[in-house]
C-alpha cells in the first residue's frame with residue numbers, strides 16, 4: 001500500500017459510522033501505518049444520513065478534507081442507496097462494501113466497482129449485540145475486502161472501545177462477508 005487509500009463510509013445517525021472510522025484510524029496506527037478520519041454529519045439527528053471519510057497510508061497523510069475519489073465505499077444501511085449517491089467519485093476498480101442479505105447480482109452497482117463485499121450486518125448485530133448497530137460488523141467486512149488494516153488490531157480496538165461482544169461482531173463480519181470480484 002504505497003498510495004493513500006481513501007474510504008468513504010455512509011450510514012445513519014446512531015449506527016456508529018463516525019466511530020467506525022475513528023476506530024479504524026486507531027487500529028491502523030497500532031499497525032504502524034498512518035491514518036486520519038473526517039466526519040460529516042449534515043443534519044445531526046438520529047437516523048439522518050452521516051458520512052465519514054478515512055485515509056490510510058504507509059506515509060504521512062497531509063490532506064484533511066473530505067474524500068472525493070474513494071478507493072472503497074462502505075454502506076452501513078442499504079436504504080441509503082436510494083437517498084444518497086453512494087458511488088459518487090468512486091475510482092476505477094473500486095471496492096464496495098454493503099450491509100445486505102441480497103446477492104450482488106441483485107444490486108445496482110456502478111460499473112467502476114471491481115469488488116463487492118456483502119454481509120448481512122443487521123442479522124449479525126442483532127444476534128451478537130441484540131441491537132441493530134452495524135458498525136463493528138461492517139469493519140470486519142471492510143477488512144476482508146481490502147486487507148488494508150489487520151483484523152486483529154481492528155478487533156482489539158473494537159473490544160477496547162465497546163466491549164467483547166463488538167470484538168466478536170468484527171470477527172463475524174469478517175467471517176460471513178462474501179467477496180465477489182467482477
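Estimate the FRET efficiency between residue 105 and residue 48 by the formula 1/(1 + (r/R0)^6), using the beta-carbon distance for r and 25 Å for R0, to the nearest 0.05.
0.25
Give me the extension gain from residue 66 to residue 29: residue separation times 0.36 nm, minus the current Cα-Cα distance, reported in nm with one decimal.
Between residue 66 and residue 29, full extension yields 11.3 nm more.
In angstroms, what radius of gyration and Dmax does segment 62-152 have, counting Cα atoms only?
When restricted to the Cα atoms of segment 62-152, Rg and Dmax are 13.4, 40 Å.
Tell me, 115, 79, 51 in order of fewest to most beta-carbon neighbours within 10 Å?
In increasing order of surrounding Cβ atoms, one gets 79, 115, 51.
Relative contact order of segment 5-181: what whole-number percent is it, with Cα pairs under 8 angstrom and at least 6 residues apart?
Here the relative contact order equals 22 percent.
Order 98-110, 134-146, 8-20, 151-163 from most to least packed using the mean count of other Cβ atoms within 10 Å.
Descending packing order for the listed peptides: 134-146, 8-20, 151-163, 98-110.
Calculate how many DSSP beta bridges within segment 5-181 are antiparallel, expressed in % of all such bridges and rounded to the nearest 5.
Among the beta bridges of segment 5-181, antiparallel pairing accounts for roughly 60 percent.
Considering only C-alpha atoms, what is the centroid distance from segment 127-182 to segment 83-100, in Å?
19 Å
Considering all projection directions equally, how large on average is the shadow of the alpha-carbon convex hull of segment 127-182, in square nanometres?
3.8 nm²
For segment 21-80, what Kirkwood radius comes out of the mean inverse Cα-Cα distance, in Å?
With all distinct Cα pairs of segment 21-80 included, I get 12.8 Å.
Hey, what number do you get for the chain at 222 nm if only DSSP H runs of n ≥ 4 count, each worth -39500 (n - 2.57), divided across all residues, to the nearest 500?
-10500 deg cm²/dmol
Let me test this: with uniform point scatterers at the alpha carbons of the chain, what is the Debye-based log₁₀ I(q)/I(0) at q = 0.11 1/Å?
-0.40
State, as an integer percentage, the relative contact order of segment 54-132 based on alpha-carbon contacts under 8 Å between residues 6 or more apart.
24 percent
Got a sec? How would 171, 81 order by Cβ neighbour count within 10 Å, fewest to most?
Exposure proxy ranking, most exposed first: 81, 171.
Laboratory data are not the source of any read-out in this text; all were calculated from the coordinates shown. Treat the numbers as computed from the prediction; the structure is a model and nothing was measured. All Cβ positions, even for glycine, are placed from backbone atoms using ideal geometry, and neighbour counts span all protein chains on display.
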